[in-house]
Amino acid sequence: MTRPGKVVCVGRNYREHAKEMGNEVPTTPLVFLKPPSCVVASGDAIVLPNGIGRVDFEGEIGLVIGKRLRKASPAECAAGIRGVVAVNDVSARDLQKSDPQWWRAKGYDTFGPIGPERAGTPDLSALEVVSRVNGVERQRGHSRDMIFPIADLLAFITSAITLEPGDVVATGTPEGVGPLKAGDEVEIEVVGWSTVRNRVVADA
């Protein structure tokens, strides 16, 4: 797996997920970054750091950028997608609540599992993400249910920062997130496109 130059994420992009976390639905996209150093591949371990409280899985549809996008229109952004990946936006919930910024909550080493890329031009309104923990389905979401459609999200992001080839954009998680514990196996699937599967271990 080639590590992306940056991982751009979108928070609260499904109404029911915003509701389950007790948050308001955003009026503009809530964008944040995960550091490339947190990225791991399918089959690698998610390591739970000591003393940080609850750590959740978040299954997401990820898009791999295929060409440089700066101040691009939604149509230009849609045409600039190279492929699709499954993303697990692993999140330390207690830190997300206590820290004014999410660099720790979202950025610990191993908190960015990304599945293998399948190249192609997806129908952005027909992507589906499924999360399973120990084989039990926990999340199922569709891109058509996003608050901000994918092409519009990408255009919003490129109004401020340039997306480069190989960058990954994670488009938000549906309802059903939950905690992980050592010994779990978590699987995120973008149906027909990519799957990332990781075991969960305690920090030695």
Response to the item:
FRET efficiency for Arg54 and Glu76 from the Cβ-Cβ distance with R0 = 30 Å, rounded to 0.05, comes out at 0.15
Worksheet item: Using the alpha-carbon centroid of each, what span in Å lies between the stretch 1-71 and the stretch 171-195?
Response: 11
Worksheet entry | Taking the chain and dividing mean pair separation by its residue count, relative contact order in percent (alpha carbons under 8 Å, at least six apart) | 34
Worksheet item: Measuring from a point 7 Å past the Cα of Thr121 along Cα-to-C-beta, which residues in the stretch 58-87 have an amide N at less than 14 Å?
Response: 66-67, 75-83
Worksheet, complete the sentence: Whole-Hz Karplus couplings 3J(HN,Hα) for the stretch 5-16, θ = phi - 60° and coefficients 6.51, -1.76, 1.60, Gly and Pro as x, run x, 8, 10, 9, 10, 10, x, 6, 9, 10, 4, 5
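At 0.36 nm per residue, and after removing the present C-alpha to C-alpha distance, how many nm does the segment from Asn134 to Arg15 gain when stretched out fully? Walk me through the numbers on the way to the answer.
Values: separation 119, 0.36 × 119 = 42.84 nm, distance 2.61 nm.
Computed gain between Asn134 and Arg15 is 40.2 nm.
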Item to complete: Could you run the Karplus curve 6.51 cos²θ - 1.76 cosθ + 1.60 with θ = phi - 60° over the stretch 24-41 and give me ³J(HN,Hα) per residue in whole Hz, x for Gly and Pro?
Response: 6, 6, x, 8, 10, x, 9, 10, 8, 10, 9, x, x, 5, 8, 6, 9, 9
Worksheet item: Given the rule -39500 (n - 2.57) for each run of at least 4 DSSP H residues, summed and divided by the residues of the chain, what is its mean residue ellipticity at 222 nm, to the nearest 500 deg cm²/dmol?
Response: -3500 deg cm²/dmol
Item to complete: Using a cut-off of under 13 Å, list every residue of the stretch 180-204 whose amide N is near the label point 7 Å from the Cα of Asp44 along the Cα-to-beta-carbon line.
Response: 197-199
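Can you tell me the order of 58-64, 5-11, 110-116 when each peptide is scored by its average per-residue count of other Cβ atoms within 10 angstrom, highest first? All intermediate terms of the calculation are to be shown ahead of the outcome.
Working: 58-64: 26.7, 5-11: 21.4, 110-116: 23.7.
So the peptides 58-64, 5-11, 110-116, ranked by packing, come out 58-64, 110-116, 5-11.
Coordinate-derived values only; no laboratory data. In this text, all values refer to a predicted model and were calculated from it rather than measured experimentally. Reconstructed Cβ throughout: ideal geometry from the backbone, glycine too, with neighbour counts over all protein chains shown.
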